[in-house]
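What follows is a single structure, written as structure tokens, with notes after it.
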Amino acid sequence: MRSILKILFLTAVALSIFSCSKDSQSGNKDEREFIVAFEEQSIPYGDIKDQAVISLLFSQTAQVEGSVELHVTMQDVVFDKDFSTIPSIGQGQVIVLPFSKGSNGVEFVFKNLDSDQEQSDKLVQFQIQNINYTAATPVIRGFNILTISYNASLGGVLAPNIGGPNEHNQVYVDLAGRATYPVLRDSWDLAFYSDGPEFVVKLNGSIYMAAGPLGVSSIDQVVSSSELQKLQELIRIGTFDSKNTAYIDSPSGDLNQTAIARIDPNDENNKVYLLNLGSAIGSDKDVLPGSVNIAGDARGWKKIRILQRGSDYLLQYAEPQQSQFKEILIPKRPGFNFNFFSFDTLGSVSVEPSKENWDLNFTVFTNTVSQNGAPMGSYGFSDFILQNRYAGVQAYMVRIPSDDKDFYKEFSLNQVDYANFSYDLRIIGDTWRDVASQRVVYKDVFYVLKDAKGNFYKFRMLGFTDEKGNRGYPRFEYSLLF
């Protein structure tokens, strides 16, 4: 699996630089960045019986020698007692990993010295803090943090860093690892399903993207100005028109109800779509306490068509009124729900942790809204919480009896109602807070979650503002159920 992931990483970065083009005059940049990223984002202690080799991957073969510096953060562990590393941790809690010319990556050894293997809050985190390299521009992108923790944390309190009133981050949470992984929510545009034989593409609903079919059958056909203008008025979020739900992915997460139809093996059955790239992240300046500024300037439009090519996707894209277009091959990524693509980098980007290593996602979200019972179409929601549906993570809400102050504290595994579990991405969603009037967290609800590894947790939200009342600072507590 490691060799496959390494090949896919290098292939994805290479494709981002050398995307196939039918427009020879458009000219992709020939500048090459030297990107370094961890192969994985988290590893449970339980998976390391003795020692593990931790790999960092390069986007290109090293042309000169250099080094990578990792900063080490430790929680409830002691170096050389609970664990050790080769090379050893040096001054400033830093590990220096030298590499030679011709290298495609670098490794270090993590040795588990804790023979008890008891569940606790022990955690070791390695973060790429510097790349010493002179042959190209060194860039830290993708999985820049690796967390090693016990397989199933007993719980605790976490504060996902979604970034304040503009909520610029999506934050993936691994409850078992007691770890959080923030990623800029505008760092990707399309998500290509990778975990099975199906060919499905999702939009980045966190920046309010939408898509609808164009009246052309080939990507190189020009779209008339009148048709383009008409469609651009329709393919938007927040128009309060119930019909615009046709242009978004189903908020439930059902892969049979995506804005872009499933990719058919027959090219002729795959439509050309007008893609609304949504909105840039808003500014958090001059935002009143209790308010948010999620959406900034419009990011523009693309004309796209997606085809199957063996086990890969072929993405064709162009400006809406251009006939010249480009193509890029998007490989599936084993072990991950999706392979993510960005029009900014013209290649694959790392977003989600591997399939079984996250449970919750704190994010802005494109949902549907009703007014006085009447459907009003798609609408953007802040402070939304999703669960990892595609890895089998399920959840449900529990209401606390008004006269039982100890109900949450005493809730145990034998009280779990298995019939209530749901895969629907909205099951947690925004049901834990009121932002319309009082801006409060509901104290009479909590949630039960079953993760991909069969662990059961209860969790409840504690807040979503800082001490000054500014939005975008969520906190929650959770506990492993016994």
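Observations, loosely collected:
- The range 73-216, Cα convex hull volume normalised per residue, Å³: 225 Å³
- For the chain: accessible area per residue (Å², 1.4 Å): 44 Å²
- Reach of Lys111 by Cα under 17 Å, taken over lysines that are not fewer than 8 positions away in the same chain: Lys49, Lys81, Lys122
- Ligands, DNA and RNA left out, the 1.4 Å accessible surface of the chain is 46% carbon and sulfur atoms.
- Amide hydrogen neighbours beyond the local backbone of Ala179, cut-off 5 Å, H modeled: Asp174
- With K and R counted +1 and D and E -1, the other residues having a Cβ less than 10 Å from that of Gly253 yield a net charge of 0.
- Summing charges over neighbours of Gly215, with a neighbour being any other residue whose Cβ is under 14 Å away from its Cβ, gives +3 when K and R count +1 and D and E count -1.
- Under 17 Å of direct C-alpha separation, and excluding same-chain neighbours fewer than eight residues apart, Lys302 reaches these lysines: Lys22, Lys202, Lys230, Lys271, Lys326.
- Taking the DSSP beta bridges with both ends in the chain, the antiparallel portion is around 95 percent.
- D_trans [Stokes-Einstein, Kirkwood Rh over alpha-carbon pairs] for the chain, 20 °C, 1.002 mPa s, µm² s⁻¹: 90 µm²/s
- Counted charge near Phe79, where neighbours are those whose Cβ lies closer than 14 Å (Asp, Glu -1; Lys, Arg +1): -1
- Set of lysines with alpha-carbon distance to Lys468 below 30 Å, sequence-local pairs under 8 removed: Lys285, Lys405, Lys409, Lys443, Lys458
- One Cα centroid belongs to the range 275-324, the other to the range 413-439; the line between them spans 29 Å.
The values are calculated or read from the model by the stated rules, or taken from the named source; none is laboratory data. Quantities reported herein were computed from a predicted structural model and do not represent experimental measurements. Positions of Cβ are backbone-derived with ideal geometry, glycine not excepted, and every protein chain shown enters the neighbour counts. To get the accessible areas, we keep the full protein, side chains included, count just its heavy atoms, and leave off ligands, DNA and RNA. Shrake-Rupley method; radii C 1.70, N 1.55, O 1.52, S 1.80 Å.
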